1. When every alpha-carbon pair in the stretch 60-106 is counted, what percent end up more than 12 Å apart?
2. Quick one: with all protein chains in place, what share of the accessible area of the stretch 60-106 is carbon or sulfur, to the nearest percent (1.4 Å probe)?
3. Keeping all protein chains in place and using 1.4 angstrom, which order do Phe71, Phe94 fall into by accessible surface area, from largest down?
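The values are calculated or read from the model by the stated rules, or taken from the named source; none is laboratory data. Predicted, not measured: the structure shown is a model, and the values here were computed from it. Accessible surface is based on the protein model in full, side chains and every heavy atom, while ligands, DNA and RNA are left aside. Shrake-Rupley method; radii C 1.70, N 1.55, O 1.52, S 1.80 Å.
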Amino acid sequence: SPTGMVLSVLVILLLSVLYEAVKLGKVVLLRRALLALPRSLSRESLLEPEEGDTHPAQGRWFQYHVGQTLFHVVQVVLGYMVMLAVMSYNAWIFLGAIVGSTLGYYL
């Protein structure tokens, strides 16, 4: 039905926008993780922050890495969902994915 097709296109459009937002979230977390890395990359400094250290973000690099991993999983799942929808070979669904991706990147 026409209503079902419009809803399907809107869902794919929103999934594409969300995919682009997740990509941006990964970049933000990567920047924070790089800033949280200690200056010395020895095993001891990664496992335990030094006692006299005044930089509070150094001990959080692992949390940022876990966050990046979760964002990556969400990005892969969304990407495959959009790909499967496009593989239905429906022109409207394809246009919804393209417009959603464009809109998500622009925002």
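1. When all Cα pairs of the stretch 60-106 are counted, 69 percent exceed 12 Å.
2. Numbers: 2640 of 3420 Å².
Ligands and nucleic acids excluded, carbon and sulfur reach 77 percent.
3. Working: Phe71 70, Phe94 100 Å².
From most exposed to least exposed: Phe94, Phe71.
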